[in-house]
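The values are calculated or read from the model by the stated rules, or taken from the named source; none is laboratory data. Note that the coordinates shown come from a computational prediction; the quantities given were computed from them, not determined experimentally. Note that each Cβ is placed from the backbone with ideal geometry, even for glycine, and that neighbours are counted across all protein chains shown.
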Amino acid sequence: MTRLSPFNSPLLLGFDHLEQILERVSKNSNDGYPPYNILQVGDERLRISIALAGFTQDELSVTLEQNQLHIRGRQQDDPDALYLHRGIAARQFHRTFLLSETIEIDSATLDNGLLNIDLIQPQPEPTVRNINIKRSSHNRTQKGNLFEASRDT
């Protein structure tokens, strides 16, 4: 079965990577844990806030790999603890965010159970560029031959 893609248009040149990004995002299975917010905190600043109550800084890792922001957490059980009731499970998670190539990570802080990852998204400078059109010697020769051929007939 052939899958149709909106990126097959001849007017969309060089956007193959967008299709790959969309496939990656759709495969990213998130079970909703941990919950998060994405906030705009300035004209060029974003913040991802992830609720991580009970996690320590040593149990978390934040990495950036090929424009993918990976946040992983793994809580360790206390081997000496004797639970009479266990309602808070020690769990692990892996959450991924796909970032634009222009977004930079400024900082990550853990404060009162919230992991805040501050991002900078600079506004692109509008650019207009004139493209110089050169005359091709190949086209001139062909036109000349066609002109002369039509004159001879």
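General observations
- Qualifying residues in the stretch 44-77 (those that are of a type in the set (A, V, I, L, M) and in contact with a Gly (Cβ under 8 Å, 6 or more places away or on another chain)) - the one surrounded by the most Cβ atoms within 10 Å (Cβ to Cβ): Leu52
- Candidate set from the stretch 76-129 (those that are aromatic (Phe, Trp, Tyr) and part of a strand (DSSP E or B)); member that is farthest from Gly42 (Cα to Cα): Phe93
- Count of the stretch 97-129 residues which are buried (at least 16 other Cβ atoms within 10 Å of the Cβ) and more than 21 Å from Leu64 (Cα to Cα): 0
- Any hit, the stretch 32-43, residues being exposed (fewer than 13 other Cβ atoms within 10 Å of the Cβ), modelled with pLDDT under 85 and over 20 Å from Ile120 (Cβ atoms): yes
- Pair list, Cβ < 8 Å and 6+ apart or interchain, from the stretch 78-94 residues that are at pLDDT 90 or above to residues that are surrounded by 10 or more Cβ atoms within 10 Å (Cβ to Cβ) and assigned to a loop (DSSP other than H, G, I, E, B): Gln92/Gln75; Phe93/Tyr33; Phe93/Pro34
- Qualifying residue in the stretch 145-153 (condition: at pLDDT 85 or above and either touching a strand residue (DSSP E or B) at 6+ places or on another chain (Cβ under 7 Å) or assigned to a loop (DSSP other than H, G, I, E, B) (or both)): no
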